[in-house]
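The values are calculated or read from the model by the stated rules, or taken from the named source; none is laboratory data. The shown structure was predicted, so the numbers you read here are calculated from the model rather than taken from an experiment. No Cβ is skipped: glycine too gets one built from the backbone with ideal geometry, and neighbour counts run over all protein chains shown. Just the protein is used for accessible areas: all its heavy atoms, side chains included, with ligands, DNA and RNA removed. Shrake-Rupley method; radii C 1.70, N 1.55, O 1.52, S 1.80 Å.
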Amino acid sequence: MAAVATCGSGAGSTGSAVATASKSNVTSFQRRGPRASGTNDSGPRLVSIAGTRPSVRNGQLLVSTGLPALDQLLGGGLAIGTVLLIEEDKYNIYSPLLFKCFLAEGIVSGHTLLVASAKEDPANILQELPAPLLDDNSKKEFDEDVYNHKTPESNIKMKIAWRYQLLPKMEQIGPVSSRFGHYYDASKRIPQELIEASNWHGFFLPEKISSTLKVEPCSLTPGYIKLLQFIQNIIYEEGFDGSNPQKKQRNVLRIGIQNLGSPLWGDDICCAENGSNSHSLTKFLYVLRGLLRTSLSACIITMPTHLIQNKAIIARVTNLSDIVIGLESFIGSERETNPLYKDYHGLIHIRQIPRLNNLICDESDVKDLAFKLKRKLFTIEWVQDNYLRQERNIYPPGFSYLLKQKDSAWGEGSLQHSTFLMSFLAKATAFASRLVRHSEPLKQTGSGRIHQAAGPRLWHDGRRQEAPGLLGIPL
Amino acid sequence: MFVELNNLLNTTPDRAEQGKLTLLCDAKTDGSFLVHHFLSFYLKANCKVCFVALFQSFSHYNIVGQKLGVNLTVARERGQLVFLEGLKSAVDVFFQTQEEPHPLQFLREANAGNLKPLFEFVREALKPVDGGEARWTYPVLLVDDLSVLLSLGVGAVAVLDFIHYCRATVCWELKGNMVILVHDSGDVEDEENNILLNGVSHQSHLILRAEGLATGFCRDVHGQLRILWRRPSQPTAQRDQSLTYQYKIQDKSVSFFAKGMSPAVL
């Protein structure tokens, strides 16, 4: 099983994430009452849903996004009840892969799926899901789970450990694998039997829009109204919100909506700047989030934000979503020839991470992330900035340096930026470069080139001489 | 309630001013910690609070409130807190027809409605109970956040009307306070949001503006808070007093320090 390569220490411990991708959830973890069934839940239930794990920070129940590297960057995974918005890359090449990994993770973990699309039939989307990379260990788990599912509950009285008999029995839904987070092979298709064994619902807009349902006029486009009603119906019928007394559901519903906001959904925000239905998408997102917050579901949405004409709508959509990730592929851009990015296919921007039940959020320190689609796997790595490596050779130790930054950085708060650079230089050299006070940006006095490197001969008679370097005036 | 912020604002729950409109504004960062601060502040000051929470669910505010020392469930049962959960109510309004007008009735309407039902809800929640001893000191309206109403199709003018009505009732008639959160879109051209933001900032007595750092993300300094005291009713030539601090949010509190004086730097 290929591991995610790490680049520099800044990428965090993605290596260890592979090891800690928790083996199985069969522990007596008390799931703290999630927001889902807050009012219906009288006490803690000792049920573990396969494919979920509680967050270490705030006890939220998390599901995997299908990419363990992305889970690591999002603070463990996608919280149940939240929306993951993916801003599509320009030619829509890589965002469908993330979408499919999310759905494939649902099938492998045994979750219920709801796939909505206006472009492709959901059945076809499911046929094209990537195959999971299951090693022999988890194959054995699979067999064991199937076996346990079939054996009846044993009532053997425990003699010595009789206290354990008083604990309620653990229930577990039998999925293919009870791990959290799997790797997927983008070149192979998911086995047909896994799809057939899973429970999924599809919403294909051209089919649904033809049937006439009495719909009250409101400013949402008919496609969105139908989709919301469909989702609400599934949630209620299958008991994901705990309100249906007949159905006691203990599974997660994964909702995937493809290309939301594109003209195929009947929305014109990608066509006109001030369309007639400019609030349709934001209203849809609000009601969708309301549905998610009150049920055991998580949603992934891909949206072609680069096509949206009115930038204010993008800002509003970002505010209304929980996690926002932007994909920027290098195809056709001038970065394709940049040697820094030669191994990568694009950049991945984590634009927003929610603060759920907390004042702080798990924002990762690493901001420059790039992704690449190798033959089989989609990996995310930190792109190391080579600029700082070169800087180290220019500034010899023992001198004070005035650090002039770009003019835009001369605001409050840039002290942090300069101290970072200074500490970086200090770590590399024997003598620390001294921190200088901030002052007004100086006009450039020289040509900017360094004429001679500093050497020990400048100090030979004890008099401090002017240090050459960037401020040296050419003779 | 963050004690350091109370010191900066020079207030305590016991001797807070009344009849004031406070505007919370955030640009390029998340200003929701200010909402949690004021919610716990006014609950500790024994005020009757009406919280129009359009952005997150009840349990989110409850869990954060418990970290700050207030229990929202208990406050709601006692009658001190009237909570309108926007997300849950939106689902109710959208999928089922309601008999009596619901506060979020505008979700069902085709064109941009007005916020009259929402105002009626607020007035009903905060009106003083007759014939009993005064259990609560003064009423407070807390709105989180107002930009969501724009996203839901209400026009900027309708929202300003709603704020005006609420201010007349809560601040002037009932001598209570109002705290409103509005997102600032910054360089994105969101005209309606700018109209709303300018309109509310002209009416407010205190503006707290949480901004992200100009240089981008920093692990030790999460942002910058600008505090601006205004006197909207008196057109004096006196300049409004303004202070700027930087802050770092921790698990249960927020620490404030002067610009550039972050403990990580010193």
Arrange the peptides B:254-266, A:66-78, A:264-276 so that the one whose residues have, on average, the most other Cβ atoms within 10 Å appears first. A:66-78, A:264-276, B:254-266
How many percent of all Cα-Cα pairs in the range A:177-322 sit more than 18 Å apart? 64 percent
Just B:113, B:176, B:155 to compare: in a GNM of chain B, with alpha carbon springs under 10 Å, which one fluctuates most? B:113
Calculate one ³J(HN,Hα) per residue across the range B:140-147 by plugging θ = phi - 60° into the Karplus curve 6.51 cos²θ - 1.76 cosθ + 1.60, and present them in order as whole Hz with x for glycine and proline. 9, 10, 10, 10, 9, 10, 7, 5
Principal axes first, then extents: for the Cα atoms of the range B:112-266, list largest minus smallest coordinate on each axis, whole Å, largest first. 58, 42, 40
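Over all residues in B:92-105, what is the mean tally of Cβ atoms on other chains that come within 10 Å of each residue's Cβ?
Per residue, the number of nearby Cβ atoms from other chains is 2 on average.
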Just the number, please: buried accessible area between B and A, total of both chains, 1.4 angstrom probe, nearest 100 square angstrom. 4200 Å²
At a Förster distance of 22 Å, what's the computed FRET efficiency of residue B:250 paired with residue B:8, Cβ-Cβ distance as r, to 0.05? 0.85
Can you give the mean number of other chain Cβ atoms that lie within 10 Å of the Cβ atoms in peptide A:279-291? 5
Can you send over the carbon and sulfur percentage of the accessible area for chain B, probe radius 1.4 Å, protein chains only? 49 percent
Using only the Cα atoms of the range B:63-107, what are the Rg and Dmax in Å? 13.8, 38
Among beta bridges that DSSP assigns inside the range B:2-257, antiparallel share in %, nearest 5: 35 percent
Taking the Cα centre of the range B:2-257 as origin and charging only Cβ (+1 Lys, Arg; -1 Asp, Glu), how large is the dipole, in debye to the nearest 20? 900 debye
Rg and Dmax of the range A:244-360 over Cα atoms: what are they, in angstrom? 17.6, 60
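Give me the Å³ per residue figure for the convex hull around the C-alpha atoms of the range B:123-204. Don't jump to the answer; show the numbers that get you there.
Values: hull volume 7.6 nm³, N = 82.
Measuring per residue, one finds 93 Å³ for the Cα hull of the range B:123-204.
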Run the quick spin-label model on residue A:210 and residue B:124: label points 7 Å from Cα toward the beta carbon, then report their separation in nm to one decimal. 4.5 nm
Where chain B is the region considered: accessible area per residue in Å², 1.4 Å probe: 44 Å²
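Shielding of B:150-156 by partners, i.e. mean partner chain Cβ atoms within 10 Å per residue?
Shielding by partners across B:150-156 averages 5.
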With the 8 Å Cα cutoff and a minimum separation of six or more residues, chain B has a relative contact order in percent of 24 percent
Once amide hydrogens are built 1.01 Å from N within the peptide plane, the residues lying 5 or more places from residue A:50 or on another chain with amide H under 5 Å from its amide H are A:173
Size of the range A:320-362 along its principal axes in angstrom, Cα-based, largest extent first? 44, 19, 11
Find the eigenvalues of the gyration tensor of the Cα atoms of the range A:305-344, then list the square roots of 5 times those eigenvalues as equivalent ellipsoid semi-axes, largest first, in whole angstrom. 28, 13, 6
Per the 1/(1 + (r/R0)^6) rule, R0 = 22 Å and r from the Cβ atoms of residue A:376 and residue A:128, FRET efficiency to 0.05 is 0.90
Largest-first ordering by accessible area, 1.4 Å probe, given options B:188, B:49, B:157: B:157, B:188, B:49
Compute the whole-percent fraction of alpha carbon pairs in the range B:2-257 spaced more than 28 Å apart. 32 percent
